[in-house]
Protein chains: 2
Amino acid sequence: MTKEGLQSDTTRDRVLSTSAGLFCQHGYAGVSMRKIAESCDMKAGSLYYHFSSKDQILTEVLNMGIEKVHAAVAAALRESSVDVSASDRFRHAIAGHLHALLEYSSFTSANVRIFRQVPPSVQHSTLEVRRRYEALWDGFLGDLKSQGQLRNDVDIRSFRLMLIGALNATLEWFDPELGDITELANRYADMLANGIFAERCT
Amino acid sequence: MTKEGLQSDTTRDRVLSTSAGLFCQHGYAGVSMRKIAESCDMKAGSLYYHFSSKDQILTEVLNMGIEKVHAAVAAALRESSVDVSASDRFRHAIAGHLHALLEYSSFTSANVRIFRQVPPSVQHSTLEVRRRYEALWDGFLGDLKSQGQLRNDVDIRSFRLMLIGALNATLEWFDPELGDITELANRYADMLANGIFAERCT
DNA sequence: ATACCTGCCTAACGTTTGTTAGAAATGATG
DNA sequence: CATCATTTCTAACAAACGTTAGGCAGGTAT
């Protein structure tokens with residue numbers, strides 16, 4: 001036997017990538033197996049050689065979205081663990097999220113946009129990956145707080161929800177072709193770390 | 001003639017409210033006229049007495065979502081225009097957004113979740129309402145800035161996008177039955193105005 | 001040459017889609 | 001009682017839906 005399933009793998013990936021784009025543009029029910037196939041220059045029936053159902057394609061697309069972002073943030077935190085200031089680590093983590101989010105936007109925005117409208121069984125099969133990502137941020141923010149880098153009265157869960165919500169919303173308006181993602185990350189990190197008011201108040 | 005179209009109006013509203021809930025839960029293509037009708041104890045054909053098409057229902061739902069939020073924020077700003085501190089006005093505006101967002105969540109989350117996946121013609125017919133709401137915030141934030149209440153180096157458009165993104169994301173996790181919206185608004189306003197770091201840094 | 005596996009195809013299934021036309025029911029007005 | 005407008009219903013249309021079964025072309029192994 002030669003290189004096992006090589007042709008198959010690239011086709012599989014093409015289907016997943018195409019499906020991600022279609023899902024995030026038209027929603028779960030708005031994309032048919034026939035449209036996926038057509039965008040891949042195939043016929044609908046052929047998809048069932050690589051996937052057992054529409055839901056399986058969807059599940060893989062959703063999971064890949066979070067995993068890309070998780071990997072990027074984990075890498076950013078790993079590379080700057082020592083001798084880097086808290087605000088720099090914060091900035092790097094945000095940059096990691098935004099880079100992965102906006103560069104694999106087919107997968108990530110499929111996740112952000114349609115998670116709530118997919119069948120509950122599919123939702124359930126992506127929950128673990130979601131929680132792992134939330135835990136990554138909670139761990140990092142918890143470290144910052146125990147080092148005294150954060151105000152004592154900020155709730156980590158609240159901030160994490162606000163942060164990820166704000167970052168994910170960039171999918172709706174930011175175009176990586178037109179703007180610099182690193183600069184965007186710096187702006188966001190600055191506003192979130194220091195606030196926007198000229199003077200701090202109660 | 002008696003009170004013109006009274007029965008008709010309440011039925012219309014019931015259809016719109018029901019449709020909003022279904023749209024935000026299952027997406028645009030995931031909701032059929034038959035399902036809308038069934039949820040209203042009607043038959044599909046009867047819907048066409050009140051609406052000319054599925055797209056018309058959708059358009060009205062989307063517009064109502066933004067208009068509710070716009071009205072709430074505009075009212076909050078109007079009621080606190082004088083003799084109120086900048087941070088209080090900021091907090092009230094955020095509270096207005098969150099209250100409307102989370103209390104009319106069928107309409108607002110239909111808007112937030114499925115705007116990008118509806119037919120372009122429908123998107124287009126809601127753009128004006130969207131822009132009016134963005135202009136409301138830009139005006140308020142511009143006032144704050146020209147009064148010297150905001151840091152000079154924060155970009156208003158960037159912050160407005162971050163702010164609305166962060167606020168809208170609460171739809172995905174906050175339950176008004178379990179938590180206090182006003183308290184949520186205070187927490188968010190504090191984090192956004194003052195930042196989360198213990199000491200401000202570059 | 002034979003057999004086999006991979007990858008894609010065609011054709012069909014039963015169901016559901018948005019929408020329309022025309023018939024019934026309802027209740028008020030003359 | 002007859003008339004009228006309002007509101008809902010039924011029945012049907014062509015099109016599209018997810019999925020399956022079986023066939024066909026290509027290269028690989030025996």
Set A:Lys35/B:Lys68; A:Lys43/A:Lys68; A:Lys35/B:Lys35; A:Lys68/B:Lys35; A:Lys68/B:Lys145; A:Lys35/A:Lys68 screened for pairs whose C-alpha atoms are more than 31 Å apart: A:Lys35/B:Lys68; A:Lys68/B:Lys35; A:Lys68/B:Lys145
Average beta carbon contacts from partner chains per residue of A:146-153, 10 Å cutoff: 3
For the protein assembly as shown: rounded, prolate or oblate by the Cα gyration tensor [a/c cutoff 1.5]: oblate
Shortest-first distances to equivalent copies, position B:Val84, nm, label 7 Å out along Cβ: 4.2
Pairwise FRET efficiency - A:Asp88 versus A:Glu199, Cβ, R0 = 30 Å, nearest 0.05: 0.75
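When the accessible area of the protein assembly as shown is computed with all protein chains present and a 1.4 Å probe, what percentage of it is carbon and sulfur? Before the final figure, lay out each step's value.
Numbers: 9390 of 19340 Å².
Heavy-atom surface of the protein assembly as shown belonging to carbon and sulfur, 1.4 Å probe: 49 percent.
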Most to least accessible of A:Tyr104, B:Tyr49, A:Tyr188, A:Tyr48 (protein chains only, probe 1.4 Å): B:Tyr49, A:Tyr48, A:Tyr104, A:Tyr188
DSSP H segments from chain B that extend 15 Å or more along their own axis, Cα-based, with Kyte-Doolittle mean of 0.5 or above: B:156-169
Prolate/oblate/rounded call for the range B:5-101, Cα gyration tensor, a/c under 1.5 rounded: prolate
Residue mean of other protein chain beta carbons inside 10 Å, A:19-28: 3
Pseudo-label separations to other copies for B:Gly45 - Cα-to-Cβ vector, 7 Å, nm: 3.7
Zone residues, the range B:129-172, relative to B:Ser81, backbone N less than 13 Å from point 7 Å out along Cα-to-Cβ: B:140
Per residue accessible area in Å² of the protein assembly as shown, where ligands, DNA and RNA are left out and the probe is 1.4 Å: 48
Residue-averaged [θ]222 nm for chain A, counting only DSSP H segments that reach four residues, each worth -39500 (n - 2.57): -23000 deg cm²/dmol
Burial ranking of peptide ranges A:91-97, B:171-177 (average Cβ count within 10 Å, highest at the top): A:91-97, B:171-177
A:Lys54 accessible area, assembled protein chains, probe 1.4 Å, Å²: 40
Cα gyration tensor shape of the range B:54-194, rounded if a/c is under 1.5, else prolate or oblate by comparing a/b with b/c: prolate
Distance in nm between pseudo-label sites at B:Arg34 and B:Asp143 (7 Å out along the Cβ direction from Cα): 5.3
Solvent-accessible area buried by A and B, counting both chains, probe 1.4 angstrom, square angstrom: 4300
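The values are calculated or read from the model by the stated rules, or taken from the named source; none is laboratory data. The model shown is predicted, which means the values in this text are computed figures rather than measured ones. Using ideal geometry, Cβ is built from the backbone for each residue, glycine included, and neighbour counts are taken over all protein chains shown. For accessibility, only protein heavy atoms count, side chains too; no ligands or nucleic acids. Shrake-Rupley method; radii C 1.70, N 1.55, O 1.52, S 1.80 Å.
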